[in-house]
């Protein structure tokens, strides 16, 4: 065999010559276990064949594995599994749908601010954890509503409340840890804001889907849109469209234009980034693009005319400003308004108790418009500062730190509280000095005694009618007659006035006269009339000492009392609130003007008498001689309490009543009542702060500053300093009065004739003259050419005031 044959033989015994049927070849091999010998000179082909067979066995094993996989994952099995998973998912969703109800709004979403406004509608402040104020959708212009739909969800009015694709994407991104993703419908966003939380979890997103579907079926689209607009965050601390409208454009939501609405709608995508004032150039570019997108969508949907759209320019927002807080007078006004609102809620049956009312107001959502007139409020604050607080220096005089001022100003025709001064600053002194009732009103109570006497037709101990001309004994420390309880009040500086008329006693605030008058009227009746006029005298003991005004009262209460006198005896209850409403109710406020509590003649007579206090009494220096008065008619009364712990002036014109009080309150805890004496640098022990001083000065600067016209009282009376005295012909008076050095001139000149008989200690404490002095012409002001000032007496301060 040649080499070629040998090579071919080897090839036939090797790869090329291997039989195709390995099984047949193997069965043809000798059954003996002895291997056959290879041809001489041939390579060891058996080793290669064994390796090849091993590799083939391994291949057959891999093929078996692949076959198993193919058998397990056939298209039928995959489809079946998919359908099974879908059925399980649907079943789980149906179960969730059945189990999950629409919940109540979350606590944060329910919180709103209470909005407080001045009488002209401008914002005073917001009070609450969140700057949010819900508004009805009807208050928002329809085109502005559509800016939000165009920005967030053009298919809102047609869809079922959910975006399945967006929700699925959101769930997958959440699982993958990619954070929050957009694409939700307005309904879903509202559900997230109002019913759920902002957490990014699969559970929350599934709940959002279920609740959105249910909400869309159960509620109208307008309900959902209103909720979305009112709960969304717009930046600048503003929650809801109303707060946003104020924050960015300083208008109410009802006044928004379409361009402004489009900007607010654009803001929702990125409030901080898109705030025009703080935005970077990129942010400004993006928000303008978003704004254009919103308007273009509106045109596309047929909600906006293309021509109008092209004419619109970007509405640059106003500069941000700090939200007003409670500093200065704001806190006093807010707290007083809340207290009044809570009382009204209880009174009208909207709340079972003050505690319930407080909770109702505390939930927020109220828009409360006050009667406070912004100009008058500023004028009152300026007057207090100019006349008093600007002169206080606690670093030089510790007593200056103990001076507290309070004031309230009321329109007597409407009862509106048009201005209030609660203290130097709510953040420094929380107690409202205008509403506190822990200080004595002192002699400002004397007109109440006279009103009770005149209304009742009361008589003196000797049976004479009490009028402005009735003569009483003004001796200091004279014991009252006719009382089971002994009382002998001291006049200020222990001054004796002898026999004087009621008019003069009011002018000079003579304690002994009004103590006796209170007993003559009956102290129980005096306290009843005080309560009817607006003071809180329930439960007080009817004793003669109350004639000195020893009960507690506030400037607001005293302003109400005098407003009732100014209103001819018809009850005036000071009203701080003009209107109050929330999303579910508008509070019908009680009319501040009530019925007749004292007769018109009695009220007008008291007013007439009180003009004498201003023109010829303890308030003449600060009020009568004020250069800004310009002929304005004024009635009023001063008051200075025991130990000079309080000083008052409550006065009125036909159109405005204001009560000013100064209170001595220690600056050191626990803040007991202390004297005002020595404040502003007056000599300690002698520098008394009287009602005719700083309180009257504050009153005059404020009242004459805000008065736009001179007005006169319309009085139905023939008594008092404001009318011409009655003339009665008689040969001589039965009782006369001799001027003393301690007596100052009055609007009625004293008689100078000797009495027909000398009074004795047994004489009655009051007498009525048979003749009164006359004047040539009726006048409401004293004839200054006939008034002379007697020499100063060390016992009588030049503008002093009896307690």
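The values are calculated or read from the model by the stated rules, or taken from the named source; none is laboratory data. Keep in mind the model is a prediction, meaning the values are calculated, not measured. Neighbour counts are summed over all protein chains in view; Cβ atoms, including those assigned to glycine, are modelled from backbone coordinates with ideal geometry.
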Which number in (1) crowded, with 20+ Cβ neighbours inside 10 Å; (2) free of Cβ contacts under 8 Å to residues at least 24 places away in the same chain marks the one condition that residue 353 misses? (1)
Please tell me if residue 537 is closer than 16 Å to residue 440 by Cβ and surrounded by fewer than 24 Cβ atoms within 10 Å (Cβ to Cβ). yes
Pairs under 6 Å by beta carbon, first residue under 11 Å from residue 143 (Cα atoms) in the stretch 289-305, partner modelled with pLDDT of 95 or more and not in a helix (DSSP H, G or I), six or more apart or different chains? 298/304
Counting only residues that are surrounded by fewer than 19 Cβ atoms within 10 Å (Cβ to Cβ) and within 19 Å of the chain's Cα centre (by Cα), how many does the stretch 404-423 have? 0
Does residue 111 satisfy being surrounded by fewer than 21 Cβ atoms within 10 Å (Cβ to Cβ), modelled with pLDDT under 90 and over 25 Å from residue 333 (Cα atoms)? no
Going by the structure shown, is residue 680 at positive phi and either part of a strand (DSSP E or B) or surrounded by fewer than 24 Cβ atoms within 10 Å (Cβ to Cβ) (or both)? yes
Which of the residues that make up the stretch 277-313 are surrounded by 16 or more Cβ atoms within 10 Å (Cβ to Cβ), under 36 Å from the mean Cα position of the chain (by Cα) and assigned to a loop (DSSP other than H, G, I, E, B)? 279
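Taking residue 349 as the residue in question, decide whether it is outside any loop (DSSP other than H, G, I, E, B), under 32 Å from the mean Cα position of the chain (by Cα) and under 30 Å from residue 372 (Cα atoms).
Taking the combined requirement at face value, the residue does not satisfy it.
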Inside the stretch 241-265, can you point out the residues that are surrounded by fewer than 24 Cβ atoms within 10 Å (Cβ to Cβ), in contact with a helix residue (DSSP H, G or I) (Cβ under 7 Å, 6 or more places away or on another chain) and either closer than 20 Å to residue 124 by Cβ or modelled with pLDDT under 95 (or both)? 249, 251, 252, 254
Could you list, in sequence order, all residues of the stretch 544-557 that are surrounded by 17 or more Cβ atoms within 10 Å (Cβ to Cβ), on the phi < 0 side of the Ramachandran plot and not in a helix (DSSP H, G or I)? 551, 553, 554
Any residue in the stretch 358-377 that is buried (at least 19 other Cβ atoms within 10 Å of the Cβ) sitting within a Cβ distance under 6 Å of a residue that is in a helix (DSSP H, G or I)? List the pairs, counting only those 6 or more apart or interchain. 361/338; 361/341; 361/342; 368/337; 370/337; 376/706
Are there any helices (runs of 4 or more DSSP H) wholly within the stretch 498-542 with 3 or more residues that are in contact with a strand residue (DSSP E or B) (Cβ under 6 Å, 6 or more places away or on another chain), and if so which? none
Show me the helices (runs of 4 or more DSSP H) entirely contained within the stretch 140-217 in which 2 or more residues are surrounded by fewer than 21 Cβ atoms within 10 Å (Cβ to Cβ), at pLDDT below 65 and touching a helix residue (DSSP H, G or I) at 6+ places or on another chain (Cβ under 9 Å). 164-175
Answer with yes or no whether residue 444 is outside any loop (DSSP other than H, G, I, E, B), under 17 Å from residue 535 (Cβ atoms), within 44 Å of the chain's Cα centre (by Cα) and touching a residue at least 60 places away in the same chain (Cβ under 8 Å). yes
Report, ordered by the first and then the second residue, all pairs with beta carbons closer than 7 Å, sequence separation of six or more or different chains, a first member in the stretch 146-170 that is closer than 11 Å to residue 184 by Cβ, and a second member that is outside any helix (DSSP H, G or I) and modelled with pLDDT under 75. 163/183; 166/183; 169/181; 169/183; 170/181; 170/183
Would you confirm whether any residue within the stretch 659-667 is within 34 Å of the chain's Cα centre (by Cα), surrounded by fewer than 20 Cβ atoms within 10 Å (Cβ to Cβ), more than 30 Å from residue 563 (Cβ to Cβ) and touching a residue at least 24 places away in the same chain (Cβ under 8 Å)? yes
Within the stretch 339-363, count every residue that is within 16 Å of residue 117 (Cβ to Cβ) and in contact with a helix residue (DSSP H, G or I) (Cβ under 8 Å, 6 or more places away or on another chain). 2
Tally, over the stretch 352-403, of residues that are part of a loop (DSSP other than H, G, I, E, B), within 19 Å of the chain's Cα centre (by Cα) and modelled with pLDDT under 95: 4
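Considering each of 655, 615, 604 in turn, give the residue that is closer than 28 Å to residue 376 by Cα, touching a residue at least 40 places away in the same chain (Cβ under 8 Å), assigned to a loop (DSSP other than H, G, I, E, B) and out of contact with any strand residue (DSSP E or B) (no Cβ under 6 Å at 6 or more places or on another chain).
655
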